[in-house]
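All remarks here apply to the structure that follows.
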Amino acid sequence: MGSEMEPLLLAWSYFRRRKFQLCADLCTQMLEKSPYDQAAWILKARALTEMVYVDEIDVDQEGIAEMMLDENAIAQVPRPGTSLKLPGTNQTGGPSPAIRPVTQAGRPITGFLRPSTQSGRPGTMEQAIRTPRTAYTARPVTSTTGRFVRLGTALFEYIFHHENDVKTALDLAALSTEYSQYKDWWWKVQIGKCYYRLGMYREAEKQFNSALKQQEMVDTFLYLAKVYVSLDQPVTALNLFKQGLDKFPGEVTLLCGIARIYEEMNNISSAAEYYKEVLKQDNTHVEAIACIGSNHFYSDQPEIALRFYRRLLQMGVYNCQLFNNLGLCCFYAQQYDMTLTSFERALALAENEEEAADVWYNLGHVAVGIGDTNLAHQCFRLALVNNNNHAEAYNNLAVLEMRKGHVEQARALLQTASSLAPHMYEPHFNFATVSDKIGDLQRSYVAAQKSEAAFPDHVDTQRLIKQLKQHFAML
């Protein structure tokens, strides 16, 4: 009996480490010997599903259309801590913007790339409207997949996901709901999904609420929370997730949803608490491990962050970003022998120029750390060769130019950096400092005010503004 169990345990281990192909192959070998082994069938089906699974709940790319034509603002000036558009300053004990970089939207970069948080900007309005939104996820297959048996549901899924024809899908769902005398919760959820895609958030909210009254499902809670996030009501979404946890205690996707919202609201410490709860339920959850690791790194604990990133490596995550993070952790944890090999591996695994640019940028940091300014200069230049919109590299190149006394070159680089990333305070502050040194006080003051708007608690900016005001008073 013991020897027969071993292949199944190995296959399950492969599955947990996200080596889905190996898992499926091993299950196939087991099924050749005993075709009626249900455990092997189920595990093989799950492995094959995970390889191609698209999770509609995780998929939410904010395109130009959503950004420009958003009419769902609730309040023009929301109270602090109630809006995702204005996450506010960091009052929650997490790392400050001085050491934690932010996204283009001005929020802290998380340890995990999500479709909605750092999506590449679509090139045209047409693209933003027509692109089918799909993404891979680590979420387990949920109960809705059991409904594919019926022809109507399969047809709806085809029209909605594959053809991306939301209007036709909505017509089909409306007819089906009518046919079922408004008693089938599943069709109500599908109508809600269509309304959500069409940007009709209030109508979607009604459908999801109606579906929840009939049948409480984890998916419906997640969809409804997405509606509230789109309406910029994070507090309502948090309360909804907590209601969901009362009905489904320990549900990983709900815990993860709460953590994400806290993270977007810049409440890093609360987010970390919920990610730890996620790991208690599922200790192979990639997003939770990555985000906790990232939080430890920015809280000046690179040794602990290193443990989390090594855990991801053991689980079979093998990509450029992970080796990039490992290289940085090794450098700051003073394990210099591993630093360069990690970055070399990251460069080898870089799938596009933006990834390579990030690696070169971090290598530039390492060069600055060891005092080799020429190497640093080359690394930041290579970062810009790979990604001409890399604001941080422009900023750091400008600092190196300032050290050499090349003031005008530094100012030109800083202007480029601040136009690319207006939410970063560093280019504004550096521009103000350089302008102050050469006596261009007016431009220095304007830049210092922009720096203060980006990061109100920055002491050096406040000091510079005070000095400039004294100058102006004396004139």
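The values are calculated or read from the model by the stated rules, or taken from the named source; none is laboratory data. Treat the numbers as computed from the prediction; the structure is a model and nothing was measured. Heads up, the Cβs are rebuilt from the backbone with ideal geometry, glycines too, and the neighbour counts pull from every protein chain shown. Each accessible area value is taken on the protein alone, full model and side chains, heavy atoms only, with ligands, DNA and RNA left out. Shrake-Rupley method; radii C 1.70, N 1.55, O 1.52, S 1.80 Å.
Put the Cα centre of the range 447-475 next to the Cα centre of the range 230-284 and the gap is 38 Å. Dimensions of the range 228-348 along the principal axes, based on C-alpha atoms and rounded to the nearest Å, stand at 49, 25, 24, largest first.
Entry note, the range 257-326: relative contact order of 20 percent, from Cα contacts under 8 Å with a spacing of 6+ residues.
Each residue of the range 358-366 is assigned a 3J(HN,Hα), and the resulting list reads 5, 5, 4, 4, 5, 4, x, 4, 4 Hz, derived from the Karplus form 6.51 cos²θ - 1.76 cosθ + 1.60 (θ = phi - 60°), x at Gly and Pro. Listed values for the range 8-16 are Karplus-derived 3J(HN,Hα) couplings in whole Hz (6.51 cos²θ - 1.76 cosθ + 1.60, θ = phi - 60°), namely 5, 5, 5, 4, 5, 5, 4, 4, 5, and x replaces Gly and Pro. Heavy atoms of the protein chains alone define the surface here; on that basis the range 396-441 has 45 Å² accessible area per residue at 1.4 Å probe size. Per-residue accessible area (protein heavy atoms, 1.4 Å probe) orders Met474, Met51 as Met474, Met51, starting from the largest. Between their Cα atoms, which of Lys193/Lys247; Lys193/Lys242; Lys437/Lys466; Lys226/Lys276 are more than 20 Å away from each other? From Lys193/Lys247; Lys193/Lys242; Lys437/Lys466; Lys226/Lys276, over 20 Å: Lys193/Lys247; Lys193/Lys242; Lys226/Lys276.
Accessible surface ranking for Tyr179, Tyr14, Tyr318, 1.4 angstrom probe, highest first: Tyr179, Tyr318, Tyr14. Residue farthest toward the positive end of the dipole of the range 225-361, with Cβ of Lys/Arg at +1 and Asp/Glu at -1: which of Thr284, Ser342, Pro249? Towards the positive end, the residue furthest out is Pro249.
Peptides 298-311, 222-235 ranked from most to least packed, by the mean per-residue count of other Cβ atoms within 10 Å: 222-235, 298-311. For a straight C-alpha distance cut-off of 24 angstrom, the lysines reachable from Lys44 (same-chain residues fewer than eight places away being disregarded) are Lys19, Lys33. Normalised by the number of residues in the range 392-475, the mean separation of alpha-carbon contacts (under 8 Å, six or more apart) gives a relative contact order of 21 percent.
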